[in-house]
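Right, one structure below, let's go through it.
FYI, it's all coordinate maths here, none of it is from the lab. None of the values given here were measured: they were computed from a predicted structure. Quick reminder, even Gly has a Cβ in these numbers, built from the backbone with ideal geometry, and neighbours come from all protein chains shown.
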Amino acid sequence: MTTFDDREHAYETKFAHDADLRFRAEARRNRLLGEWAAGLLGKTGDDARTYALTIVTSDFEEPGEEDVFRKLSTDLAGKADAATIRDKMAEMRAQARRQIIDEA
């Protein structure tokens, strides 16, 4: 292999690793959001875990996080406003990233 091939391979490996970390952090953030929302909805135990999974799977509807926001804002109507949900999304994103990095 040439130096160029080595660099190209290293870049591809880093890109794949970064994409994996991003995906895992987003899924973790969504689970954390689901657990937070479940608490606001009065869900506990298995019901809370099941609800958190619905938040995780709602992220697969379209690219970006608006699908998660819409799900949460619909479910939490009267319990949390849009600003609170967006703030919690940002907070949980940072927390999820820290958790994923700490695990690596």
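Here is how the numbers come out for the structure above:
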{"quantity": "Full-stretch length increase - LEU53, PHE69 - with 0.36 nm per residue and alpha-carbon distance subtracted", "calculated": "4.3 nm"}
{"quantity": "Cross-link partners of LYS71 among lysines (Cα-Cα below 25 Å; sequence separation of 8 or more within a chain)", "calculated": "LYS43, LYS79, LYS88"}
{"quantity": "Neighbour-count order for SER58, SER73, fewest beta carbons within 10 angstrom listed first", "calculated": "SER73, SER58"}
{"quantity": "Percent of alpha-carbon pairs separated by more than 24 Å within the chain", "calculated": "33 percent"}
{"quantity": "Angle in degrees between helix 45-58 and the longest Cα principal axis of the chain, rounded to the nearest 10", "calculated": "50 degrees"}
{"quantity": "Fewest-first ranking of THR3, THR44, using other Cβ atoms within 10 Å as the exposure measure", "calculated": "THR3, THR44"}
